Amino acid sequence: MKLRGKILLLAIAPLLASLALIAVGVRQQEGELVAREHATVQRAYMEARRDELRHYVDLALSTVQPLYAQAQGQDALTRRHASEQALQRLATLDYGADGYFFVYDLQGRVLMHSRQPELLGQNLWELRDARGQPTIQRLIAQARAGGGYVEYLWRKPSSQQMAPKLGYVVALPEWNWMMGTGLYLDGIQATLDQLDREAQGNIARTLWWIVGIALAGIVLISASALALNLSEHRLAEQKLRLLAHEVVRSQEEERAHLARELHDGISQTLVSTKLLVEANLREPRPALLQQAVERLSGSLHEVRRISHRLRPALLDTLGLDAALEHLARECETAGGPHIDCSCEPRPLPTLPEVAVTVLFRVAQEALTNALKHAQAGQVLLQLQAPAGGDLSLVVQDDGQGFDLRAQNLHPQQGIGLRNMRERLTAIGGQLDIQTRPGHGTWIEARLPAEALARLASDNAAS
């Protein structure tokens with residue numbers, strides 16, 4: 001994967017991870033909220049149902065209470081007559097298709113059941129529901145205990161299906177009765193199911209919003225990355241064009257310099273040598289021939305100097321330290337200041353070829369500037385290349401210095417400094433310059449260890 005793809009992935013991955021965590025958290029919070037709503041609704045529903053049942057039973061008791069009070073202390077016939085009247089009254093009381101009253105004796109026999117008359121007279125003491133619980137026994141036990149609520153399963157008249165039911169029963173011991181009523185609880189399940197559906201709808205909408213935000217974020221990041229990529233591409237193309245122009249300009253300057261060297265030096269010497277040889281042919285004189293030989297020797301020396309300036313052979317044979325020392329001696333021989341050259345350690349570790357070439361060119365340019373412009377009396381040339389560390393080349397002179405800012409702003413000046421900086425920047429290095437008028441110049445070319453390792457790996461790969 002390319003670097004740009006990795007950067008794009010690095011930008012999108014945290015966004016997607018955070019949105020996924022938000023989605024998980026939203027879903028969990030929604031689930032907890034639904035559970036709390038279930039509990040709240042169920043509690044409120046059951047409380048309302050209990051109050052409703054108690055009111056229904058109180059109403060039924062108020063209906064039969066006069067008959068029950070009259071029967072107390074009377075003979076058996078009177079009590080039975082009063083209980084029969086009470087059963088008739090209770091049979092007429094209902095509140096909807098599934099709201100009715102029932103009466104059992106305390107031994108489990110059905111005395112009145114308005115919705116299931118086929119049960120009259122049957123003893124349901126042993127009746128058990130689908131869960132194996134004794135339904136009638138539990139109801140009678142609760143009635144004997146002073147009355148109260150019992151949850152059990154019973155057939156629902158409207159649907160003829162077994163459904164959970166909440167009953168409220170009381171005992172009338174004078175008549176040996178258990179009387180009660182009940183409300184079916186399947187309505188609460190429908191309410192809870194509706195809550196679940198609404199909650200799931202809310203969760204789905206929230207997740208779709210999160211997905212939409214994620215897509216919008218990805219589109220925005222991708223668009224930003226594309227815009228940045230295009231901008232960087234344009235800048236890179238512009239820098240590449242400028243670099244190409246600089247390369248062409250440097251080549252032309254080097255060619256012009258070489259042409260001047262050949263024309264003003266070697267060409268003139270060879271012409272004069274030719275004239276001496278021709279004169280000697282017309283009139284042989286040993287002195288003329290000796291002058292021609294001396295001038296040919298000078299031409300050979302000039303050719304070697306130009307060749308060394310283009311590409312010193314010492315770089316390929318003896319290495320950077322020897323090439324720098326030879327360069328320093330050449331500058332001194334050409335009338336320059338005394339140059340103190342030092343290289344540490346000796347011998348130098350193996351360096352990438354491109355780094356060696358760039359450092360030599362930087363030293364060559366710096367010494368040329370010190371020779372031509374600085375009017376220095378002393379120059380320090382120091383190379384430090386510790387194994388595994390940064391590579392540093394320092395050129396320091398005690399010359400007249402210059403205004404660095406003015407040099408950088410002037411388009412026709414500071415070309416050599418820009419060339420040095422561009423050479424180093426191209427291989428991952430940096431150039432530091434400290435100078436001011438009247439206080440000499442200090443130049444350091446530094447190559448970090450990471451850049452050296454990268455250049456070495458590139459060189460091995462090629």
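The values are calculated or read from the model by the stated rules, or taken from the named source; none is laboratory data. Keep in mind that what you see is a predicted model, and the values were worked out from it rather than measured. FYI the Cβ positions are ideal-geometry reconstructions off the backbone, even for glycines, and counts take in every protein chain you see. The area values use the complete protein model at the heavy-atom level, side chains included, leaving out ligands, DNA and RNA. Shrake-Rupley method; radii C 1.70, N 1.55, O 1.52, S 1.80 Å.
Data for the structure
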quantity	calculated
For the chain, size of Cβ-based charge dipole, Lys and Arg +1, Asp and Glu -1, in debye	780
FRET efficiency for GLU118 and HIS38, using Cβ-Cβ distance with R0 set to 41 Å, rounded to 0.05	0.60
Relative intensity, log₁₀ I(q)/I(0), of the chain from a Debye sum that treats every alpha carbon as a point, q = 0.09, 0.11 Å⁻¹	-0.84, -1.00
Crossing angle, helix 449-461 versus the chain [Cα axis fit, 0-90 degrees, rounded to tens]	80
Rounded percent of accessible protein surface that carbon and sulfur make up, the chain, 1.4 Å probe	57
Candidate aspartates and glutamates - alpha carbon under 19 Å from LYS156, same-chain residues fewer than 8 apart omitted	GLU52, ASP94, ASP98, GLU118, ASP129, ASP186
Cα gyration tensor, the stretch 44-140 - rounded (a/c under 1.5), prolate or oblate	oblate
Helix axis angle, 186-261 relative to the chain longest principal axis, alpha carbon, degrees	0
Solvent-accessible area per residue, Å², over the chain with all protein chains present [probe radius 1.4 Å]	58
Longest segment of the chain lacking trypsin sites (Lys or Arg not before Pro) that sit in a DSSP loop with at most 14 other Cβ atoms within 10 Å	132-462
